[in-house]
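Visitor: Quick one: the structure is below, and I'll ask about it shortly.
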Amino acid sequence: MKKLTLGILATSLLFGAAFGAAACGDNTPSGPSGPSGPSGSERVFDFAGSLQTLYGGNGYPQAVLVAKKSVIESDPAAVRQMMDYMEGAHEYLASAKPEDVVALLSDKYPEGTTPSLNAKNLTAQVIENCSVDFTAAAAAKGRVKIFLDELIAVNPNFTSAPADAFFYEGGAEAGESSLTHTVYAPDGAPALALAYAISETEGDAFEYHVVASGTIVAQVKGDQPAADFCVLPVNAAAQQLGSGETYQMLGVVTNGNMFFLRTSGDQGNLDTAEGLRKAVGSTIGVVQLGNVPGLTFRAVLEREGIPYQILDGDTAPAQDKLNLKAFEDASDVGPGAGCDFYLCPEPLASAKVAAFKAQNS
């Protein structure tokens, strides 16, 4: 029996791309105030806005669902069913109990894997923060093209502009499929989109696998790619499959899961241009500075005309710019890591904030 494979590749965030180059030093002063914030201010570690709000609209198209062209042509019923599952994911997750979501995904990981989503860090708020909300390709095409153009403007070598043929704009009709559908998902926020599909699947219609994000791109490569369906970070999908010859994009699955954290009670939010301008002179530690999150942030700064620089070993923080510092490992983010603000993905952002509050309650 032929198998259809749905691979979901985590992003941004979480989509198998390397993090930034270096973490902030533990005691390095940052911006105008140093790591403890302005003199006499309250030391905190809490949310200061989201990159999604800062970008505007419904956030930025982070992960997209693609389908093998041969599957689109030979089994439109499977295409329609999977799109229906993706379209129902947002409503399902809005009311689902986090423990039920964890249980649905728990046995889909390879043996010996420690899932990043677990009962300790997955809450209803974290699920909402992961921005799972499917938009079909016909409606999302323009949005995706604009976003990729913005990333390319920041780094011309990061991704490619997809052809029109990459975007599936057909209307697969509902029906019964007699095939077995193998579903791959990357560990991380986009894997949440599979929970509804898993809850609705009966018998052997689908086989689900949640794998390490760094291994998922292989599912759409080679002479006989394993994935018949695959959710990929939008940049990887465009670069690897953008011609539309072997895969087409069915829609956008997630819309960003990056949040700003602050270390001082006197600091404002960073999800508006005004807030960013007030923060000039500060240092912002950015997880995945060289990937979708960092490039999206930089694209917004350039759009708003806000000066910034990237700190390295030879660059000192400037008082007239935002100073961006790369974090290689998201787990290094913390109130004592030397930056005024951080840009960090869920579910780690909420876990870090909760840990700080528990230690200081």
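The values are calculated or read from the model by the stated rules, or taken from the named source; none is laboratory data. Every value quoted in this text rests on a predicted model; they were computed, and no experiment measured them. Cβ: placed from backbone, ideal geometry, glycine included. Neighbour counts: every protein chain shown.
Visitor: Output the number of the condition that GLU99 fails; it satisfies all remaining conditions of (1) within 19 Å of the chain's Cα centre (by Cα); (2) surrounded by fewer than 20 Cβ atoms within 10 Å (Cβ to Cβ).
Guide: (1)
Visitor: While we're on this one: Would you mind stating whether LYS352 is touching a residue at least 60 places away in the same chain (Cβ under 8 Å), among the basic types (Lys, Arg) and in a strand (DSSP E or B)? I'd like the intermediate steps shown before the answer.
Guide: Values: touching a residue at least 60 places away in the same chain (Cβ under 8 Å): yes; among the basic types (Lys, Arg): yes; in a strand (DSSP E or B): no.
Considered against the rule, which asks whether it is touching a residue at least 60 places away in the same chain (Cβ under 8 Å), among the basic types (Lys, Arg) and in a strand (DSSP E or B), LYS352 comes out as no.
Visitor: Right, another one. Please verify whether the range 225-245 includes one or more residues that are over 19 Å from the mean Cα position of the chain (by Cα) and either without any contact (Cβ under 8 Å) to a residue 24 or more places away in the chain or under 30 Å from GLY49 (Cα atoms) (or both).
Guide: Within the range 225-245, not a single residue is over 19 Å from the mean Cα position of the chain (by Cα) and either without any contact (Cβ under 8 Å) to a residue 24 or more places away in the chain or under 30 Å from GLY49 (Cα atoms) (or both).
Per-residue answers, yes or no, for (1) modelled with pLDDT of 95 or more; (2) among the aliphatic types (A, V, I, L, M); (3) not assigned by TED's automatic domain parsing to the domain that holds ILE310:
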| site | (1), (2), (3) |
| --- | --- |
| MET86 | no, yes, yes |
| GLN125 | yes, no, yes |
| CYS130 | yes, no, yes |
| PHE134 | yes, no, yes |
| ARG143 | yes, no, yes |
| GLU150 | yes, no, yes |
| PRO156 | yes, no, yes |
| GLY170 | no, no, yes |
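Visitor: Look at SER30 and say whether it is modelled with pLDDT of 50 or more and either outside the structural domain of VAL292 (by TED's automatic domain parsing) or touching a strand residue (DSSP E or B) at 6+ places or on another chain (Cβ under 8 Å) (or both). Please lay out each step first, then the result.
Guide: Details: modelled with pLDDT of 50 or more: no; either outside the structural domain of VAL292 (by TED's automatic domain parsing) or touching a strand residue (DSSP E or B) at 6+ places or on another chain (Cβ under 8 Å) (or both): yes.
The answer is no for SER30.
Visitor: Could I ask something else about it? With respect to GLU150, is the statement that it is farther than 22 Å from GLN240 by Cβ, of a type in the set (D, E, K, R) and not in a strand (DSSP E or B) true?
Guide: Numbers: farther than 22 Å from GLN240 by Cβ: no; of a type in the set (D, E, K, R): yes; not in a strand (DSSP E or B): yes.
Taking the combined requirement at face value, the residue does not satisfy it.
Visitor: For the range 267-304, give me the residue count where each residue is over 27 Å from ALA63 (Cα atoms) and either at pLDDT 95 or above or basic (Lys, Arg) (or both). I'd like the intermediate steps shown before the answer.
Guide: Just the residues of the range 267-304 that are over 27 Å from ALA63 (Cα atoms), to begin with: 267-268, 274-275, 277-283.
When the remaining residues are screened for being either at pLDDT 95 or above or basic (Lys, Arg) (or both), the result is 274-275, 277-283.
The total comes to 9.
Visitor: Give PHE166, PHE158, PHE147 a once-over and let me know the one that is aromatic (Phe, Trp, Tyr), in contact with a Phe, Trp or Tyr (Cβ under 6 Å, 6 or more places away or on another chain), surrounded by 14 or more Cβ atoms within 10 Å (Cβ to Cβ) and over 14 Å from MET82 (Cβ atoms). Give the steps one after another, and end with the answer.
Guide: Details: PHE166 fails: in contact with a Phe, Trp or Tyr (Cβ under 6 Å, 6 or more places away or on another chain); PHE158 fails: in contact with a Phe, Trp or Tyr (Cβ under 6 Å, 6 or more places away or on another chain).
On inspection, the qualifying residue turns out to be PHE147.
Visitor: Return yes when TYR109 is of a type outside the set (A, V, I, L, M, F, W, C), assigned to a helix (DSSP H, G or I), in the same structural domain as ILE216 (by TED's automatic domain parsing) and at pLDDT below 95 and no when it is not.
Guide: Details: of a type outside the set (A, V, I, L, M, F, W, C): yes; assigned to a helix (DSSP H, G or I): no; in the same structural domain as ILE216 (by TED's automatic domain parsing): yes; at pLDDT below 95: yes.
It is false that TYR109 is of a type outside the set (A, V, I, L, M, F, W, C), assigned to a helix (DSSP H, G or I), in the same structural domain as ILE216 (by TED's automatic domain parsing) and at pLDDT below 95.
Visitor: Also, I was wondering about something else. In this structure, does ASP312 turn out to be of a type in the set (Asp, Glu), surrounded by fewer than 23 Cβ atoms within 10 Å (Cβ to Cβ) and touching a Leu at 6+ places or on another chain (Cβ under 7 Å)? Before you say what the answer is, go through the steps one by one.
Guide: Values: of a type in the set (Asp, Glu): yes; surrounded by fewer than 23 Cβ atoms within 10 Å (Cβ to Cβ): yes; touching a Leu at 6+ places or on another chain (Cβ under 7 Å): no.
No, not satisfied.
Visitor: Look at SER177 and say whether it is at pLDDT below 95, more than 21 Å from GLU346 (Cα to Cα), in a loop (DSSP other than H, G, I, E, B) and not assigned by TED's automatic domain parsing to the domain that holds PRO345. Steps first, answer last, please.
Guide: Values: at pLDDT below 95: yes; more than 21 Å from GLU346 (Cα to Cα): yes; in a loop (DSSP other than H, G, I, E, B): yes; not assigned by TED's automatic domain parsing to the domain that holds PRO345: yes.
Yes, satisfied.
Visitor: Let me ask another. Of everything in the range 57-84, what is surrounded by fewer than 24 Cβ atoms within 10 Å (Cβ to Cβ), outside any helix (DSSP H, G or I) and of a type outside the set (D, E, K, R)? Give them in sequence order.
Guide: GLY57, ASN58, GLY59
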